[in-house]
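The values are calculated or read from the model by the stated rules, or taken from the named source; none is laboratory data. Only a predicted model underlies this, so the values are computations on that prediction, with no experimental measurement involved. Here the Cβ positions follow ideal geometry from the backbone for every residue, glycine too, while neighbour counts run over all protein chains shown. These accessible areas exclude ligands, DNA and RNA; they are computed on the full protein's heavy atoms, side chains included. Shrake-Rupley method; radii C 1.70, N 1.55, O 1.52, S 1.80 Å.
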Amino acid sequence: GGKVIKDYRRLLEDKNIDYVLIATPEHWHYQMTMDALDAGKHVYCEKPMTQTPEQSKRVVAKVAASKLKMQVGVQ
């Protein structure tokens with residue numbers, strides 16, 4: 001029943017999806033997280049959440065300003 005979606009942004013447009021799991025190459029984590037939050041999705045992201053402290057601060061601020069939840073995987 002699965003389907004291939006080549007552009008993750010199309011997935012974020014789906015109103016039936018409440019949350020996303022970001023398990024991609026690490027350099028994509030920040031952008032995909034920000035895009036998912038902008039789309040109103042809850043986020044579970046593999047570590048590392050971002051590549052810089054500045055990116056982390058922007059993610060935390062965006063989550064704090066929303067009613068969304070975010071969890072980062074721990075090992």
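Couple of notes before you dig in:
- Projecting the Cα positions of Val43, Ser56, Ile5 onto the charge dipole of the chain (unit charges on Cβ atoms of Lys, Arg, Asp and Glu, taken about the Cα centre) puts Val43 furthest along the positive direction.
- Under 5 Å, built H, 5+ apart or other chain: amide partners of Val72: Cys45
- FRET E, pair Ile17, Arg58, Förster distance 22 Å, beta-carbon r, rounded to 0.05: 0.45
- Largest to smallest in accessible area, the residues Thr52, Thr33 fall in the order Thr52, Thr33 (1.4 Å probe, all protein chains included).
- The chain, relative contact order in percent, only Cα pairs under 8 angstrom and at least six apart counted: 29 percent
- The residues of the chain present an accessible area of 73 Å² per residue when probed at 1.4 Å with all protein chains retained.
- Placing unit charges on the Cβ atoms only, positive for Lys and Arg and negative for Asp and Glu, gives the chain a dipole magnitude near 140 debye about its Cα centre.
- Gap separating the Cα centres of the stretch 2-28 and the stretch 49-75, nearest whole Å: 17 Å
- Rounded to the nearest 10 degrees, the inclination of helix 53-64 to the longest alpha-carbon principal axis of the chain is 60 degrees.
- Structure-based [θ]222 nm, the chain - -39500 (n - 2.57) summed over DSSP H runs of at least 4, per residue, nearest 500: -10000 deg cm²/dmol
- Over the chain, the reciprocal of the mean inverse Cα-Cα separation, the Kirkwood hydrodynamic radius, stands at 12.7 Å.
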